[in-house]
1. For region 154-259, which chymotrypsin sites (Phe, Trp or Tyr not before Pro) are in a loop by DSSP, counting at most 13 other Cβ atoms within 10 Å?
2. Whose amide H sits under 5 Å from the amide H of Ala74, counting only residues 5 or more places off or on another chain, with H placed in the peptide plane?
3. Please report, for the Cα atoms of region 190-235, the Rg to one decimal and the Dmax as a whole number; what are they, in angstrom?
4. Whose amide H sits under 5 Å from the amide H of Gly28, counting only residues 5 or more places off or on another chain, with H placed in the peptide plane?
5. Using only Cα atoms, figure out Rg for region 127-259 and give it as a multiple of 2.2 N^0.38 Å.
6. Of Val230, Leu211, His185, which is farthest on the positive side of the dipole of region 107-250, counting Cα position, with +1 on Lys and Arg Cβ, -1 on Asp and Glu Cβ, and the Cα centre as origin?
Amino acid sequence: MIPVQHDDLTVAPGERAGFFTDTSVCIGCKACEVACKEWNSLDSIVGELTGDSYDNTGALTAQNWRHVTFIEQAQHRQQVSPADVTLPDALMSPDGPASVVWLMSSDVCKHCTEAACLDVCPTGSLVKTEFDTVVVQPDICNGCGYCVPACPFGVIGRDEASGNAAKCTLCYDRLKGDQVPACAHACPTDSIQFGPLDEMRRRAHARLGELHEGGDERARLYGENPDDGVGGAGAVFLLRDAPEVYGLPPAPVTTTRDLPGMWRTAATAGIALLGGLAAVTFGSRR
């Protein structure tokens, strides 16, 4: 078994906490999924395999706050003759047999800087904590579900039993006790790292430089840019292919960003309509 060697950092209240997920060292062990479920008392029922990979959770849901994504990619090798090996037709090409490359990543709530789920919540159930993370307060949630479609990442789900919204809290209860989140603590390869967000971004850029120097030109960062459509995420990912390959939106945007302008336009239109009605009403009296 791989020894766990963590250099995760605790975060003080008032300091923004975050994740750095290095997918280049993820082995798909699902330790993060298990640890998350155990700590947060989530449904421990193991789902069925999707049929096209070793994925048995499928997506982030109200009971799956961590989801290990498995992607199989076939890469053809010209140096080997097709006549020299026997492989299924799906793994053959005119260039020779394909080697299967696994891409794995543990997905989680992004804890957006500009979180649309906060904007649409009518009860104040969704709040920012002193660690600048986004959590759902189940005792205040009324189950309206407005936050579910508002999330550009499809993170939030509704619990079938309670009807409440639910998602990753970045282990808020553990942070208050100076402990790292359960998923980061359980990860055997340090694929999931935790600490002050600025430090996580620094590590992400440093690791990206290492991969580029090693010839992995497709490696890229996701969620680290404060100027992106969600104001930067609290969960930074190092990906080895395009975001959409991992099921992530390539250019996420806060879904409520246009609301102020829409409300101003609606208000202007309403005032104009009232003015028109008043003009018609008083004009007819003359």
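Here, each number is a calculation from the coordinates, and none is a lab measurement. Keep in mind that this is a model prediction, so the values were computed, not measured. All Cβ positions, glycine included, derive from the backbone under ideal geometry; neighbour counts span all protein chains shown.
1. On the way: sites: Tyr172, Phe194, Tyr222, Phe237, Tyr246; in loops: none.
Loop-located and lightly packed - none at all.
2. Under 5 Å from the amide H of Ala74 lie the amide H atoms of Val101, each far enough along the sequence or on another chain.
3. Answer for region 190-235, Rg first and Dmax second: 11.3, 31 Å.
4. Those lying under 5 Å, H to H, from Gly28: there are none.
5. Against the compact-globule rule of thumb, the ratio is 1.17.
6. The listed residue farthest towards the positive side: His185.
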